[in-house]
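Where a number appears in this text, it was derived from the coordinates with a stated rule and is not lab data. Just so you know, these numbers come straight off a predicted model, no measurement behind them. Every residue, glycine as well, gets a Cβ built from its backbone with ideal geometry; the counts of neighbours run over all protein chains shown.
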Amino acid sequence: MGKYFGTDGFRGKAGEDLTAVHAFKIGRFLGNHFKNQHKDAKIVIGKDTRLSSYMYENALAAGITSSGCDAYLLHVTTTPCVSYITRTENFDCGIMITASHNPYYDNGIKIINENGEKMDDAIQDEIERYIDGEIPEIPFATEANIGKTIDFYNGRNRYIGYLTNLATRGFEKCKIGLDCANGSSWMIARSVFDALGAKTYVINNEPNGININDKAGSTYLDGLRKFVVENNLDVGFAFDGDADRCLAVDENGNEINGDIIMFICAKYLKAKDQLPNNTIVTTIMSNFGLYKALDEYDINYEKTAVGDRYVYENMKAYDYFLGGEQSGHIIFRKYAHMGDGLITAIMLMNILVETQLPLSTLAAEVTLFPQILKNVIVDDKDSTMNDPVVIAAVDTCTKELGNNGRVLLRKSGTEPVLRVMAEAHTHEDCKAKVDYIISAIEKSGHLKEIKD
């Protein structure tokens, strides 16, 4: 990670950690960078529904055009939409303004390369140097060389058309619930499932700038679970603020997380001989229960560091089709170059319709181990991770669990916290191990606050 850019873009509290000046300079650098490569350079911008997203959209467009490059505005749309439009409409790069699942007062800037993938670290490092004044100032374009800002609303419709073509059957007999998190998917999601013939029921689709992810979406499933049961729906899908994640709820209101979704899809794809190299890609956070279920069907798996960026890099390097995270970032590499919540929902619906089985039945083959995850704010993440007292606590828990569980202490790539996770046969064992490690962090003098 760099000074500003983490594993998923430049993210922080709007107006403090991430300012309009930062956005303007990012636009200046990118506009100049691509304008120097060819005269018809163009960059596409999307945003989520946060109050501050409009400020950053204007600042980015001003930076881009003042460097002589054209800025195309998709307005409110999803991160996967920006990725798709960037790679299919020959843009030099795409920018998404979002802080994903974070609360409304945070925001972020994700940069996407011409292939619809997360931007290379090398360019982001150069942007950081420019922000900090370590690179000479970029000249302003003048006269006819100033770039244009162009409304590109129709790009969203092209993305919607692409999604509807991914369905292998119509969904006419299905009652589907959608939780749009008052975020980027609030218009697109319904349009897609209505076009596919589903009886669509939607909640949290009235964004007001400050209610994004507020007791809504993939980080808060209680509302969708209740909604599915009360309305006798077949399935529910919950997206995060920028809709690159999707979690599901079965007809009984039970959560179906990313691990279970990957198993259902992997089993189906293998039966169709459509799982390249008989392998899926997971992260180190995936549940033991997923691996046991995959072993039953002789499906292989890779494990990467946490982050859909690392999952995608592994998939691309070894030509895998399916991968993802427990949190709902699922990548179907033939169709998208990053997690796409709407594609995940469509792929799962294809299986439900073809098998004519309820989601609860498809998910029953995975028995997840109990997990507990707590986030702690510390004075310094690296110092805490390397503290002998903390290392000893992690080692002790690891030895005690043996082959019956695990503990994991890792740095967040998007927030100033450490994540403490334990997985074991019982909830009590998980809690004891997490509490033990947090106690060690406190004894070492690094703990500032337990977030949850």
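What fraction of the Cα pairs in the stretch 166-363, stated in percent, has a spacing above 20 angstrom? Walk me through the numbers before you get to the answer.
Values: 10108 of 19503 pairs.
Roughly 52 percent, once rounded to a whole number.
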Are there any chymotrypsin sites (Phe, Trp or Tyr not before Pro) in the stretch 92-178 that are in a DSSP loop and have at most 13 other Cβ atoms within 10 Å? List them by number.
PHE140, TYR153
Filtered hits (lysines, Cα-Cα < 20 Å from LYS226, offset >= 8 within chain) -> LYS175, LYS199, LYS215
Long-range HN-HN contacts of VAL202 with modeled amide H, under 5 Å:
LEU178
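Hey, what number do you get for the chain at 222 nm if only DSSP H runs of n ≥ 4 count, each worth -39500 (n - 2.57), divided across all residues, to the nearest 500? Please list the in-between numbers first.
Details: 15 runs with 169 residues, N = 452.
Rounded to the nearest 500, it is -11500 deg cm²/dmol.
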What is the fewest-to-most order of THR149, THR168 by other Cβ atoms lying within 10 Å of their Cβ?
THR168, THR149
I want the antiparallel fraction of DSSP beta bridges within the chain, as a percent rounded to 5.
55 percent
Using the structure shown, select from LYS3/LYS374; LYS272/LYS316; LYS118/LYS381; LYS47/LYS110; LYS39/LYS110; LYS3/LYS148 the pairs with a Cα to Cα distance greater than 19 angstrom.
LYS3/LYS374; LYS272/LYS316; LYS118/LYS381; LYS39/LYS110; LYS3/LYS148
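Between THR142 and GLU89, what FRET efficiency follows from the Cβ-Cβ distance if R0 is 35 Å, with the result rounded to 0.05? Spell out each step's value before the answer.
Numbers: r = 28 Å, r/R0 = 0.80.
Step by step, r from the Cβ atoms, then E = 0.80.
Assuming R0 = 51 Å, what is the FRET efficiency of SER360 and TYR153, from their Cβ-Cβ distance, to the nearest 0.05?
Details: r = 40 Å, r/R0 = 0.78.
Calculated transfer efficiency: 0.80.
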Among the Cα-Cα pairs of the stretch 5-157, the proportion with separation greater than 28 Å, in percent, is 10 percent
If you stretched the chain out fully between ALA195 and ILE377, how much longer would it get, using 0.36 nm times the residue separation minus the C-alpha to C-alpha distance?
61.0 nm
Per-residue Cβ contact counts at 10 Å, fewest first, order ASP395, ASP429 as ASP395, ASP429
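I'm a student and want to see the number: the projected area of the Cα convex hull of the stretch 4-88, averaged over all directions, in nm². Display every interim value, and only then the final one.
Values: hull surface 22.1 nm².
Average of the hull's projected areas for the stretch 4-88 equals 5.5 nm².
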Enumerate by residue number the chymotrypsin sites (Phe, Trp or Tyr not before Pro) in the stretch 223-321 meeting two conditions: DSSP loop (anything except H, G, I, E, B), and at most 15 other Cβ atoms within 10 Å of the site's Cβ.
TYR297
Under 14 Å from a point 7 Å along the Cα-to-Cβ line of ASP222: which residues of the stretch 178-215 have their amide N that close?
214-215
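Which longest uninterrupted range of the chain lacks any GluC sites (Glu not before Pro) assigned by DSSP to a loop state (not H, G, I, E or B) and surrounded by at most 16 other Cβ atoms within 10 Å? Before the final figure, lay out each step's value.
Details: sites that count: GLU16, GLU89, GLU114, GLU134, GLU137, GLU172, GLU365.
Longest gap between qualifying sites, sites excluded: 173-364.
In what order do ARG156, ARG333, ARG50 fall by count of nearby beta-carbon atoms within 10 Å, going from fewest to most? Can you show the working numbers first?
Numbers: ARG156 21, ARG333 18, ARG50 31.
Result, fewest neighbours first: ARG333, ARG156, ARG50.
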Amide H within-cut-off set for ILE330, under 5 Å, with H built and near neighbours excluded:
CYS246, GLU325, ASP340
Pseudo-spin-label distance ASN277 to ALA432, built 7 Å along Cα→Cβ, given in nm, is 4.0 nm
In terms of modelled amide H atoms, which long-range or inter-chain residues lie less than 5 Å from the amide H of SER67?
ALA141, GLY147
Binned at 10 Å from zero, the C-alpha pair distances of the stretch 290-339 give percents of 26, 54, 19
Compute the FRET efficiency between ASN115 and ASN36 as 1/(1 + (r/R0)^6), taking r as their Cβ-Cβ distance and R0 = 22 Å, and round to the nearest 0.05.
0.65
Just tell me which aspartates and glutamates come within less than 18 Å, Cα to Cα, of LYS399; anything on the same chain fewer than 8 places away is out.
GLU423, GLU428, ASP429, ASP435
